[in-house]
Amino acid sequence: MPSAEDAALARIVRREAGLIVAQLQRRLGNFDIAEEAVQEAIIVALRTWRRDGVPANPGGWLSLTARRRAIDLLRKRAREVSLADEWDADLANGAGATQRTGDERLPMLFGCCHPALSVEARLALTLRAVVGMTTPQIASAFLVPEATMAQRLVRAKRKITSAGIPFAMPDADDLAPRLDDVLTVIYLSYNAGYLEPSASGRELSEDAIWLAELVARALPDQPEAWGLLALLTFLSSRTQSRFDDQGRLVLLEDQDRGRWDGVAISRADGYLATAAALRRPGRFQLQAAIAGCHATATSWAETDWLQILTLYDLLLRHDASPVIRLNHAIALSHLRGPAVALAEIDQLADRLNGYHLLHATRAQLLTELGDHEGARAANERALSLTSNPAEQQLLRSRLEMPEQ
Amino acid sequence: MKYVLMYTNRPDLDAAVPEERQAEVYQAIFGWFEKHGAVMVDGGAELQGPETATSVKSGTNGGAPVVVDGPFSEAKENVGGFSIIDVPNLDAAIAIVKEWPSLGLPGVAVEIRPIVDHSGDM
């Protein structure tokens, strides 16, 4: 069971690792070696620092260790011997210490999130190379066996080389859609940690927020980057109230708003204002605004559903995906009642048949309409479709409730 | 890096496109090849329609190859032509391919596939 010190160590490592991968990748022109070298350095760091304490300059320590590992890896691949020797000489002279700037991670992040890679590959690469998570940690976050995740990473790195995916910032014309891909990966990472009441779940979400902030500050004229940061910060303001003492999920309507983090909410408001000032709305800004509506409502009863519905209407123009339409229907139910909402949801039945929240939502609405048989069936279907223990727990307790 | 571009289309959807529009796109394609002439290692070829194709397929149980009527795949998508380009990286290839005039029509896809580099082979 990892200790609090371990967690602190791991966090320090993660904050430094991405920069070193980016620098090595640039220097070597080889992402695979750069990334492997840093992974190995991370493992050595965690072991050594646990024993000897964190060095005064953890970034420098990691950088040096990673460079040594990179030289070893280069030697192992026969063709790279001369480059390895050149590097060895540099290292002996104390040369090769590169200037550190915040931007260097960005080209690598955009490369890891390239549309030519599958979404799963983008997630795995970003969490490994940019965030510095280990393969077992990533595997556990996405509930796949370690060997599967390792294979996924190998295949992804192979595609980068064989297809010539560059680690470079996209052209101005392509920046908006490519940034959307990056922000999506960060959002998915946040989500993976969101429903885990464990420490590792919280860490993953924190890492996602850290990455979102890195991107926003590196691209301050990109409103969607600020929008994502605002969204994640609003969501994180509710971390203390999302689970009860037994680790059970608490729905938004039942959460103790007194436990919401007011400082985080103010910060999120600030990020959203920064985004809005740039006058280019987008889906992450709109989702943030919706989260903001909930964050500023003093109680569930005070929630401004009309404002939320209006925002969902706007959001649908940017993102007409079925999940957004589902959320739109939920907002609608608060204004126009369950029957109207159910009609809208039933149009999504085909596309969202495998999505547990569709059925859970139908169950809520059917209960309100007095169809307890239908609600039971829908809750059972929802239960069968989710593997998240906290959600399963919630659905089971609904099934066990006596019908009014 | 060398990539093959495979220009594909959906003949069943092409049928709905008015002749004038098709002619317009065809003209634009000439312009596209001119514009990107510098990266064309081989302009490749425009293929005659799928109805002109013949395929030779592996025989069953390792038996003799079989000659059949039609393209190699039963899929709706048809390969209409190919070219070979040489560009620094995938983003450069994508930027060029995004301008392919047929992409304005429904059901069109251009695949970008890197070529195996045999230069290191003995």
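The values are calculated or read from the model by the stated rules, or taken from the named source; none is laboratory data. Since this is a predicted model, take the numbers as computed values, not measurements. Note: ideal-geometry Cβ built from the backbone for every residue, glycine included; neighbour counts use all protein chains shown.
The residues in the stretch B:2-44 that are on the phi < 0 side of the Ramachandran plot and either within 14 Å of chain A (Cβ to nearest Cβ) or outside any helix (DSSP H, G or I) (or both) can be counted, and the count is 19.
Look through the stretch A:162-200, keep the residues that are touching a residue at least 24 places away in the same chain (Cβ under 8 Å) and of a type in the set (Gly, Ala, Ser), and return whichever of them is farthest from the other protein chains (Cβ to nearest Cβ). Per the criteria, the residue is A:Ala199.
Only one entry of A:Glu40, A:Glu80, A:Glu35, A:Glu86 meets the criterion of being over 30 Å from A:Asp171 (Cβ atoms), of a type in the set (Asp, Glu) and modelled with pLDDT of 90 or more, and that entry is A:Glu40.
All conditions but one from (1) polar (S, T, N, Q); (2) modelled with pLDDT of 85 or more; (3) part of a loop (DSSP other than H, G, I, E, B) apply to A:Gln99; the one that does not is (2). Within the stretch A:53-71, is there a residue that is β-branched (Val, Ile, Thr), closer than 27 Å to A:Ala168 by Cα and in a helix (DSSP H, G or I)? Scanning the stretch A:53-71 turns up at least one residue that is β-branched (Val, Ile, Thr), closer than 27 Å to A:Ala168 by Cα and in a helix (DSSP H, G or I).
Inside the stretch B:85-108, residues that are within 14 Å of chain A (Cβ to nearest Cβ) and not in a loop (DSSP other than H, G, I, E, B) make up a count of 10. Going by the structure shown, is A:Glu120 more than 14 Å from chain B (Cβ to nearest Cβ), surrounded by fewer than 19 Cβ atoms within 10 Å (Cβ to Cβ), out of contact with any strand residue (DSSP E or B) (no Cβ under 7 Å at 6 or more places or on another chain) and acidic (Asp, Glu)? Yes, satisfied.
Comparison of A:Arg128, A:Arg105 shows that the only residue that is more than 14 Å from chain B (Cβ to nearest Cβ), touching a helix residue (DSSP H, G or I) at 6+ places or on another chain (Cβ under 6 Å) and either closer than 24 Å to A:Leu46 by Cα or surrounded by 17 or more Cβ atoms within 10 Å (Cβ to Cβ) (or both) is A:Arg105. With respect to the conditions (1) closer than 20 Å to B:Lys98 by Cβ; (2) in contact with a Gly (Cβ under 9 Å, 6 or more places away or on another chain), B:Asp12 lacks only one, and its number is (1).
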